[in-house]
Amino acid sequence: MLQARDISLKRGDRTLFEHLSCTIHAGQKVGLVGRNGVGKSTLFQLFLGKVLPEDGDISMPSGWVVSHMAQSLAVVDTPALDYVLDGHAALRQVEQQIARAQQAGEDLRLAELHALYADLGGYEAEARAGEILHGLGFAAGDFQRPFRAFSGGWRIRLALARALMCPADLLLLDEPTNHLDLETTLWLEQWLQRFPGTLVLIAHDRDFLDGVTDHIIHLVAGHADTYRGNYSAFERQRAEQLTLQQAQFTRQQAQIEHIQRFVERFRAKASKARQVQSRLKALQRMETVAPVLAESPYRFGFSNPDKVSNPLLALTDVALGYAGRPVLTGIRQSILPGARIGVLGANGAGKSTLLKGLVGELTPLAGELVRGPHSRIGYFAQHQLETLDAGASGLAQIIRAAPGQREQWCRDYLGGWGFPNAQAERACGTYSGGERARLALALMALTEPALMVLDEPTNHLDLEMREALVVALQDYEGAVLLVSHDRSLLNRVVDEFWLVEGGRVARFDGDLDSYVARRELATPRRAPRHDRRAERQAAAQKRADEQPLRQRLRKAEQRMERLGAELKAVESRLADPELYHSLPAAELDELMARSGRLRRDLEAAEQDWLEASEQLETLNGSG
């Protein structure tokens, strides 16, 4: 088991941990939660031995292999597949030893190393690495691209894939869902559910935590409190504790009263039925989670637009793409005032292309996109964080964006977004990813948009900020179009879904649960129909192409059978203890060398068989 015993640690004058203790048993899947700055990542560093406590100690079994998702990434020219394979350090070490033994002609050592290579899963390693890369959204054509050719978000995915590749006893993941979309988040959730080792996970996605964890460690006030169950179970237990402190409920009660007024006001209006149901769901959930969030530092909302066009946007047979090549075609959709739209689709299907077209970053290649005169758009996407003025403070940028407001108003406004005065005056270049995301959202909110287009707005945001964002979006009367891997956000904000699939954009008739079920039960599409003559010609050509491969397979199988029998006979002799006393040294050396040669020849025959088999499988798959 992994133990932290009586840990104390300071950062400058600030006490981060004070007599912190926690125990994580083998096989547990633990979510590490707590407000930003409480020391979650620092505790990871303690587990890894990269930070030493001032008092106390960390212990774990000496034989444990530890894998973690690196946060600082060196830019290298290594191809993506090899970069991921490098995560299996023990396998890479054996590969180097095999190369040295081959160069030295050490046949007996080679036999031992190849057996170890097989035990480490060396023959399946590339397939496993490819499965991980595919699950995280990489296409087969990306496998040989160098690491440096990928953008920042994709490099982080490669770092995650490398951590998953390691056959670890302890896996440490810090915000693994940042830069993932919904599809890859679901894949990662399923992968971690099957992971047999011990997992410690830092995440701010409540549904992801619910799907993966069976224990929660909550860092608060320098201590660690352990809760049995997933994140929802932690919320309930924590809420029960805080219920005794009724004073913390003041803000919760105000929010509940606000939602109840909305429900009573619009309950009878059919046009508001979906929004009323959304508020009722939020109310039900708030009664559970609000006590946990009672001390949240965030107090913000989105100003409602004064005038709104109807429709805000209308798209008729629109095509969107790049360099004259369409990615999406035939888009026929409208966005009405007050709409709550979630955009679904697999990685690479064109969700970001759609959003760029809606906000005007892409000009339609065909069709007509009509914007109403009162349809101001507020757009948030991750790449906008890089456009913030790194040299200017958050306060300076808010003052610049709100020239008619007094400085104190700007300070108060930033305070609601979680920026106290000292932080507001710091240069934006010193901000964390979460702080930059909050600043970008605060700047967008100042524009008072009629439509907010949000592309993964929760990346880098902590749970308290995500909860505040949900409440603010529920209270906002303008339209929202949202792409997110955060299922809690989608479930509580969105009323309808658009599905981007096969180059088209269509309304999805169902909720998020049905989409997830559809994705998991998806079956291959039926192949296009051909005329019988063409089918007969294709079958004849396929048989002709298959023949040399089948002959190669048969020869490889015969050779494997012969070599396997010879190797079995030799190894049977070598297994006899009397042989080492009765056989002359020279003959014994020759027999051991022959064992090494036979094992090497058998491996070559197996490799030949595997290559022919894969080529035949590819041929059959394309037929």
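The values are calculated or read from the model by the stated rules, or taken from the named source; none is laboratory data. Since the structure is predicted, the reported quantities are computational estimates derived from the model, not experimental observations. Ideal geometry is used to build each Cβ from the backbone, glycine not excepted, and the neighbour counts take in all protein chains shown. We work out accessible area using only protein heavy atoms, side chains counted, and drop any ligands, DNA or RNA first. Shrake-Rupley method; radii C 1.70, N 1.55, O 1.52, S 1.80 Å.
With 0.36 nm allotted per residue and the present C-alpha distance subtracted, the residue 516-residue 389 stretch has 41.8 nm of extension available. On the principal axes of its alpha carbon atoms, the stretch 389-499 extends 41, 28, 20 Å, with the longest extent given first. Taking the 1.4 Å solvent-accessible surface of the chain as the whole, the part contributed by carbon and sulfur is 49%. Annotation: residue 143 carries an accessible surface of approximately 40 Å², with a 1.4 Å probe and no ligand, DNA or RNA atoms counted. May I ask you to list the residues of the stretch 394-408 whose amide nitrogen lies under 14 Å from a point 7 Å from Cα along the Cα→beta-carbon direction of residue 425? Under cut-off, by backbone N: 394-396, 408.
Under the criterion of Cα pairs below 8 Å and six or more residues apart, the relative contact order for the chain equals 14 percent. Using R0 = 35 Å, the C-beta based FRET efficiency linking residue 317 and residue 347 works out to 0.85. Net charge of the neighbourhood of residue 75, taken over other residues with C-beta under 10 Å away and scored Lys/Arg +1, Asp/Glu -1, is +1. Within the chain, no whole DSSP H helix has Cα atoms reaching 30 Å or more along its own axis together with a mean Kyte-Doolittle score of at least 0.0. Take residue 259: with every protein chain present and a 1.4 Å probe, its accessible area is about 10 Å². For the chain, the solvent-accessible area of protein heavy atoms averages 49 Å² per residue (probe radius 1.4 Å; ligands and nucleic acids excluded).
The distance between label points at residue 558 and residue 361 comes to 6.1 nm (points 7 Å beyond Cα on the Cα→Cβ vector).
Note on residue 496 and residue 604: the extension gain reaches 33.2 nm, defined as 0.36 nm multiplied by sequence separation minus the Cα-Cα distance. The heavy atoms of residue 610 offer some 70 square angstrom of accessible surface to a 1.4 angstrom probe. Between residue 1 and residue 504, the C-beta separation translates, for a Förster distance of 51 Å, into a calculated FRET efficiency of about 0.50.
In terms of accessible area, using a 1.4 Å probe and ignoring ligands and nucleic acids, 571, 235, 587 rank largest first as 587, 571, 235.
Considering only alpha-carbon pairs that sit under 8 angstrom and 6 or more positions apart, the relative contact order computed for the stretch 387-453 is 42 percent. Dividing the helix sum by the residues of the chain, where each DSSP H run of 4 or more adds -39500 (n - 2.57), gives a mean residue ellipticity at 222 nm of -15000 deg cm²/dmol.
The gain in end-to-end length when the residue 193 to residue 400 segment is fully stretched comes to 69.8 nm, 0.36 nm per residue minus the alpha carbon separation. In terms of accessible area, using a 1.4 Å probe and ignoring ligands and nucleic acids, 572, 67, 613 rank largest first as 572, 613, 67. Near residue 22, once Lys and Arg are set to +1 and Asp and Glu to -1 for all other residues with Cβ below 14 Å from its Cβ, the sum equals -1. Against the criterion of solvent-accessible heavy-atom surface with a 1.4 angstrom probe, 184, 329 sort, most first, into 329, 184.
For residue 568, the aspartates and glutamates whose Cα falls under 19 Å of its own Cα, not counting residues fewer than eight places away in the same chain, are 107, 112, 119, 557, 576, 578, 587, 589, 590, 601, 603, 606. Estimated translational diffusion coefficient (Stokes-Einstein, Kirkwood radius over Cα pairs, 10 °C, 1.306 mPa s) of the chain: 56 µm² per second. Here the calculated FRET efficiency for residue 109 and residue 21, from their Cβ-Cβ distance with R0 = 30 Å, stands at 0.05, rounded to the nearest 0.05. Spin-label pair residue 90-residue 261: with each label point 7 Å from Cα along the Cα-Cβ axis, the two points sit 6.3 nm from one another. Based on the Kirkwood approach, the hydrodynamic radius assigned to the stretch 64-118 is 13.1 Å, with every pair of different Cα atoms included.
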